[in-house]
Amino acid sequence: MAPAEVHALVGENGAGKSTLLNVVMGVTASDGGQMFWEGRPVEVRNPRDARRLGITFVHQELALVPQLSVAENVFLGRHPARTGWVSWDDIQKRTAQIFEELGHPIDVQRPVAGMGLAERQLIEVARAFAFDARLIILDEPTAALSEADAERLRRTIHRLRARGVSFIFVSHRLKEVIDVADRITVLREGRTVVSSPSAGTDEDHLVRAMAGSSFRERTPRLRGENTAEEVLRICGPIDLQLRRGEVVGLAGAAGGGCSELLEWLFGSGPQPAQVFVAGRKVTLASPRDAIRHGLALVPDDRAEKAVIPAASLQANIMLAAIRRRFFIDQREERRKSGEFVVKLRIRAERLDQPAASLSGGDQQKMVLARWLHAGAQVLLLDQPTRGVDLRSKAEIHELIRQLAGRGTAVLLTSSNIDDLLNAADRIVVLHRGRIAGELTSAMATEERILQLATGVGM
Amino acid sequence: MKAAAQTVPFPQVPRLTGAAVLRRFGPLLGLVVLCGVFGGLSEPFRTGENAVNVLRQSAVNALLALGQMVVILTAGIDVSVGSILGLCCVLAALLLKAGVPAVLSILAALAAGAALGAVNGVLLTKLRLPHPFIPTLGMMNVARGLALVMAGGLPISDLPVRFRVWGAGTVAGLPVPVIVVGLCYVLGHVFLTRTTPGRDLYAIGGNARAALLCGVPVDSRLILAYGFSGLTAGIAAVVLAGRMNSGFPLAGSGAELDSIAAVILGGGSFFGGVGTAAGTLAGALIMAVLRNGLNLLNVSAYWQTVMIGVAIVVTVWIDMLRQKAANR
Amino acid sequence: MCRWTRRTWFAGVLLFAGACSGPRKSRQLEIAFVIKALDSEFWLRVKNGAEAAARTAPEVKLTVLAPEREINIDQQVTILEDQIVKRVAALAVAPAGVWEVIPVLDKAKAAGIPVLIADTDVPWASKRGFIGIDNRLGGKLAGAYVVNAIAGHGKVAVIGGIPGVATHEARIAGFLEEIGKVPGIECVAVQPANSERATGMAVMENVLTLHRDLRAVFATNDQMALGALEAIAAKRRTGQIVLVGFDAGRETLRAVQSGALSAVIAQHPERIGWETVRAAIQAAKRNPVAAWVDTGTAVVTRDNVARFLQ
């Protein structure tokens, strides 16, 4: 990277962007390759090393203390205490000066709590600038910003570039990337595919690079139009229908709205559209409502939202099905959960071993078993193969097909487009919370999906 | 589905590992060791009369601990049980003095306890107070204050015999409170292991978000748990007032901490999702045996408190070692 | 790690066993004296007196036990039950709850153990004797002193112990009886302060705020009197209000000496302990015991405080 350069990093989810950044920041160890800083080879073992070199990372989740003022946040942990006393006047003056230079004077005494995301991001950048950062890494800074705010950020970046600060900029919005960056690097499966100046490139070029250098011919894996009866229909900003035995894949960039759609369908969060189940309009105000109407959710974050680590494998499997009665027949329960363990090939020693002792893939299968046992009509699978070993992944895909064969409708998301192409009958692509397009077997290619998901050609 | 039903039953490895044994029977083991030590040191400790004494002395704490365990199971805490106990004591005594029949007075005390406990649950879930400590701390003060107001600060003594049998009577050589404790624990055990709401409590304590996404009615289950804790406090109140022949408004001061200690000694986890009725009973008995044995050895109450403190820390420490060993 | 744990346990158990079995040598007469608490000078002095009496009789082994706090009545009952199991030769009790101990006293009686009551009397027919002061008389002494000190005219207040505790109630009753005889004196408040210093101070502050013309205060124990003293000092009215305490610990006596406290009704805690154990030894030997041993009260003022301070 050249000094005073804005360098954009693009690639599919899982292409290796985060890993690369983590290596740069010293969070993860490098597994090959050498890092050079200002011409010299350097070794960055931890984030402190990185900071000493002048590298600062601005996270997606911002690290500000909401109760403190702008000035306090900028100088957090590094109060310039010449005499041992913190000089607030000095801090405020210097903070105001920094924002002046950034071209966005703001009231530095206001607490951060009431500020919008754009302002907070600016504060993070100001913080990095205040400590002579030479390289600022922005991880999807614009994902949640409005066009105007994004434009403001772009101006700030260019202003700082003029003062010799370099940027690494990660984004899914290709158009913006071309606008902001001087140079663009496309990553795929952990390797650099293309690295070229942004001036000579366009969106289609990038998309092709992201998807793979060539248009690989695929055997049509999608099964085409399904004419069975409709089980689920969503009317509103997102129009979607799901038929019996159909597997619909949801594709989209992070923040594209896939997880959000599944979550509100399952009754957590406000319901922005009308939902019909088997032709009848329903309200999904809580997970209980959703379950009552035959929906089931396997959430993306297993540890956070699905697994009860201290409870036994058996209790975890039975959790959804026991809703139907008051007393529990332990023998029946053992028999039933044992059946699922065998059928889904969950590798466990005992039914009463705690769920925490199972591998990630087995935990995921356990969560699937929970809903299979409960007998859902519509299965919402949010990233069911994330963090799962290859064998379990294949087994989970196999299971999805079996379920569809028996009439269950499945709505599936995955950050891996290949997975979607493998498992789904058709793919609906979301971009910024809206449907960007729907692809059936013939049209669905990785490239087309990426185009839609990154907002190209809209 | 047909094919699946014919699959071989899931292989069960019957042998338990050392860690699993310690986990399941640890509290019981501690109790046996403790009894062995005191039995060796003190002759009166070995008498049947003393055994009955220990059981009777443990009754109030055992009842409170059962409710407390159910709450701690949900990763909560109930610091109001001691005060609810005091309030129920006074309520029952006042009703008895007003000529209300013993059975009705008892039912009123139980209902009051359950209702106050449920209020804790409602405050927690509906007002969305940040931590169970807050509503129960409030209730702790409110209930104690109400008890003092209702009683005018004075103990209400000399209660009718029909009421006192619940705390002081015996049936076939067994004190009535011991029978009450046994019954409550059997019911508690069945509730926790054989019913859906009981199971739900483990799920809520283990991972509340997951429980919610599995359709567990989290709020109503929490209200149930706190209501149950209040109910056991009401039962404990009847036992205590009967035993002491008095409803005194300061009854149960500090009892909440004893009940929490019993749950922890019995293998319950503050993080929720772990705990059994049997373990908690063993925990309550450990505390009673410790106090009783030390009393018989003429160790002062202050030193007893030190010993119980040490026992709690050692128990949790051993538990941590065990978990570390299991995770290795 | 595991072996270490086991070793530590083993060593702990051995140590514990050694510590407990050391002084255990059975003598002929085992006497237990269960008092209300051990957290104040008063009860420590009772204990000292009791142990002094036990030393006069070499065949006696005395144990003095108490719950953690005075309000832990059920803990005291538990301690009593455990002493009954040991079949002590005699049991002496300073009850934390008058009515609450009666069921367990019945058990002692059933086990054939003679029971003596100390400090706070219990309406229980089978007691072998009561050792303590006449609290009502003490209250009357305080009342008479106050009437005299404010010349039979003005507002007075009472700060009491935990409501329902008989000793305090009797002191209050005696005081009010004496005050009631003089029409010029008005009792404006009788408030409990749970025998605690901090609570005593808070109650006094409130009373002083409500009644600026208060002339005299009677606190039914030392700790509350000392708390009231602080409240009066904070309002810079030390010496202007007649303040009478009860029990006469060293700190209170010094306050009387300095004039900050007008008077204190003295009990003789050592004498209570001494007489209780003497009576218990007689009862253990199946000898007759006096139904009531009055350990006496006295009014301590600046004039005679030197004698009590010795």
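Per residue, what accessible area does the stretch B:60-206 have, given a 1.4 Å probe and all protein chains present, in Å²? Write out the running numbers ahead of the final one.
Details: 5520 Å² over 147 residues.
Per residue, the stretch B:60-206 has 38 Å² of solvent-accessible surface.
Once you list every other residue whose beta carbon is under 10 Å from the beta carbon of A:H104, what net charge do they have if Lys and Arg are +1 and Asp and Glu are -1? If you can, show how the numbers build up before the last one.
Numbers: positive: A:R152, A:R155, A:R159; negative: A:E100, A:E101, A:E119.
Result for the neighbourhood of A:H104: 0.
Read phi for every residue in the stretch A:343-358 and hand back ³J(HN,Hα) as whole Hz from Karplus 6.51 cos²θ - 1.76 cosθ + 1.60, θ = phi - 60°, with x for Gly and Pro.
3J(HN,Hα) across the stretch A:343-358, in whole Hz: 5, 8, 6, 6, 7, 9, 8, 9, 6, 9, 7, x, 4, 4, 7, 8.
Going highest first, how would you order C:60-68, A:275-283, B:223-231, C:113-121 by mean Cβ packing within 10 Å? If you can, show how the numbers build up before the last one.
Numbers: C:60-68: 21.4, A:275-283: 14.2, B:223-231: 27.3, C:113-121: 23.9.
The packing order, highest mean first, is B:223-231, C:113-121, C:60-68, A:275-283.
Of C:T238, C:I162, C:A263, whose Cα points farthest to the positive end of the dipole of the stretch C:135-266 (charges on the beta-carbon: +1 Lys, Arg; -1 Asp, Glu; origin at the Cα centre)?
C:T238
Expressed as a whole percentage, what fraction of the accessible surface of the stretch C:135-266 belongs to carbon and sulfur atoms when a 1.4 Å probe is rolled over the protein heavy atoms? Could the numbers behind the result be given before it?
Numbers: 2600 of 5090 Å².
The computed percentage sits at 51.
Residue farthest toward the positive end of the dipole of chain C, with Cβ of Lys/Arg at +1 and Asp/Glu at -1: which of C:N48, C:N304, C:G174?
Positive-most Cα among the choices belongs to C:N48.
If you filter the stretch A:283-361 for chymotrypsin sites (Phe, Trp or Tyr not before Pro), then keep DSSP loop positions with at most 12 other Cβ within 10 Å, what is left?
Details: sites: A:F326, A:F327, A:F340; in loops: A:F326.
Those satisfying the criteria are A:F326.
Ordering B:C88, B:C184 by how much accessible area each has at a 1.4 Å probe, largest first, what is the list? Don't jump to the answer; show the numbers that get you there.
Numbers: B:C88 0, B:C184 25 Å².
Ranked from most to least accessible, the order is B:C184, B:C88.
What accessible surface, in Å², does a 1.4 Å probe find on C:K127, ignoring ligands, DNA and RNA and rounding to the nearest 10?
60
Run through the DSSP bridge list for the protein assembly as shown and note the antiparallel percent, rounded to the nearest 5. Walk me through the numbers before you get to the answer.
On the way: 35 of 107 bridges.
So the antiparallel bridges in the protein assembly as shown amount to around 35 percent.
Nothing charged except the Cβ atoms of Lys and Arg (+1) and of Asp and Glu (-1): what's the magnitude of the dipole of the protein assembly as shown about its Cα centre? Round to the nearest 20 debye.
With only Lys, Arg, Asp and Glu charged at Cβ, the dipole is about 2400 debye.
Probe radius 1.4 Å, ligands and nucleic acids left out: which of B:R162, B:R199, A:R161 has the largest accessible area, and how do the rest follow?
Values: B:R162 190, B:R199 35, A:R161 65 Å².
Correct descending sequence by accessible area is B:R162, A:R161, B:R199.
Under 5 Å between amide H atoms, partner at least 5 residues away or on a different chain: which partners does A:L412 have, H built in plane at 1.01 Å?
Those lying under 5 Å, H to H, from A:L412 are A:V248, A:G249, A:L250, A:L381.
For n ≥ 4 DSSP H runs only, could you compute -39500 (n - 2.57) per run for the protein assembly as shown, divide by its residues and tell me the 222 nm figure to the nearest 500? Display every interim value, and only then the final one.
Numbers: 42 runs with 554 residues, N = 1096.
It lands at -16000 deg cm²/dmol.
Probe 1.4 Å, all protein chains in place: accessible area of B:W317 in Å², nearest 10?
Looks like 120 Å² after rounding.
Mind checking the mean number of beta-carbon atoms from other chains within 10 Å of the Cβ atoms in B:251-260?
Values: counts 6, 1, 5, 5, 2, 0, 0, 0, 0, 0.
Mean shielding count: 2.
Between chains B and C, what is the buried accessible area in Å², counting both sides, with a 1.4 Å probe and ligands, DNA and RNA left out, to the nearest 100?
On the way: alone 16480 and 14970 Å², together 28030 Å².
Buried: approximately 3400 Å² between C and B.
Where the only charges are on Cβ atoms (+1 Lys, Arg; -1 Asp, Glu), what is the dipole of the stretch A:304-458 about its Cα centre, to the nearest 20 debye? Write out the running numbers ahead of the final one.
Details: 23 positive and 18 negative charges, 106 e Å.
I would put it at about 500 debye.
In the stretch B:284-303, which residues give up 50 Å² or more of accessible area once the other protein chains are added, compared with their chain alone (1.4 Å probe)?
Flagged in the stretch B:284-303: B:N295, B:L296, B:N298, B:A301, B:Y302.
Rounded if a/c is under 1.5, else prolate if a/b is larger than b/c, else oblate: which is chain C, with a ≥ b ≥ c the root eigenvalues of its Cα gyration tensor?
It comes out prolate by the Cα gyration axes.
Roughly how many debye, to the nearest 20, is the charge dipole of the stretch C:135-266 about its Cα centre, given +1 on each Lys and Arg Cβ, -1 on each Asp and Glu Cβ, and no other charges? List each step's numbers first, then the result.
Numbers: 13 positive and 11 negative charges, 59 e Å.
Roughly 280 debye, rounded to the nearest 20.
Can you tell me the accessible area per residue over the stretch C:135-266, all protein chains present, probe 1.4 angstrom, in square angstrom?
Accessible area per residue, the stretch C:135-266: 39 Å².
Would you please put B:290-301, B:201-212 in order of how densely packed they are, using the mean number of other Cβ atoms within 10 angstrom per residue and starting with the highest? Don't jump to the answer; show the numbers that get you there.
On the way: B:290-301: 22.3, B:201-212: 24.9.
Top to bottom by mean Cβ count within 10 Å: B:201-212, B:290-301.
Which value, in Å to one decimal place, does the Kirkwood hydrodynamic radius take for chain B when every pair of different Cα atoms is included?
Mean inverse Cα-Cα distance, inverted, gives 20.6 Å.
What is the distance in Å between the Cα centroid of the stretch B:70-86 and that of the stretch A:232-307?
Between the Cα centres of the stretch B:70-86 and the stretch A:232-307 lies a distance of 38 Å.
Treat the stretch C:135-266 as a sphere of radius equal to its Kirkwood radius over Cα pairs and apply Stokes-Einstein at 10 °C in a medium of 1.306 mPa s; give the translational diffusion coefficient in µm²/s, rounded to a whole number.
Values: Rh = 13.9 Å.
Here the translational diffusion coefficient equals 114 µm²/s.
What is the local net charge at C:Q75, summed over the other residues whose Cβ is closer than 12 Å to its Cβ (Lys, Arg +1; Asp, Glu -1)?
Details: positive: B:R291, C:K36, C:R69; negative: B:D258, C:E68, C:E70, C:D74, C:E81, C:D82, C:E100.
Cβ neighbours under 12 Å give a net charge of -4.
Cα atoms only: what Rg and Dmax, in Å, come out for the protein assembly as shown?
38.2, 117
Give the average, rounded to an integer, of partner chain Cβ atoms located within 10 angstrom of each Cβ in A:329-342. The partial results should precede the final answer.
On the way: counts 1, 2, 0, 0, 1, 3, 3, 1, 1, 6, 8, 3, 3, 6.
Across A:329-342, the average partner-chain Cβ count within 10 Å equals 3.
Using a 1.4 angstrom probe on the protein heavy atoms only, could you order B:Y185, B:Y302 from most to least accessible area? Please list the in-between numbers first.
Numbers: B:Y185 15, B:Y302 85 Å².
So the residues, ranked largest to smallest area, are B:Y302, B:Y185.
Considering every residue in B:162-168, what mean count of other chain Cβ atoms within 10 Å of its Cβ is obtained? Let's see the in-between values first.
On the way: counts 0, 0, 1, 0, 0, 1, 4.
Counting Cβ atoms of other protein chains within 10 Å of each residue's Cβ and averaging gives 1.
Give me the distance between the Cα centres of the stretch C:39-97 and the stretch A:362-415, rounded to whole Å.
Their Cα centres are 70 Å away from one another.
Are there residues in the stretch A:307-327 whose accessible area shrinks by at least 30 Å² when all protein chains are included rather than the chain by itself, and which are they (probe 1.4 Å, ligands and nucleic acids not counted)?
A:I308, A:A310, A:L319, A:I322, A:R323, A:F326, A:F327
The values are calculated or read from the model by the stated rules, or taken from the named source; none is laboratory data. Quick caveat: nothing in here was measured; it's all calculated off a predicted structure. Ideal geometry is used to build each Cβ from the backbone, glycine not excepted, and the neighbour counts take in all protein chains shown. Protein only, heavy atoms only, side chains kept; ligands, DNA and RNA dropped before computing areas. Shrake-Rupley method; radii C 1.70, N 1.55, O 1.52, S 1.80 Å.
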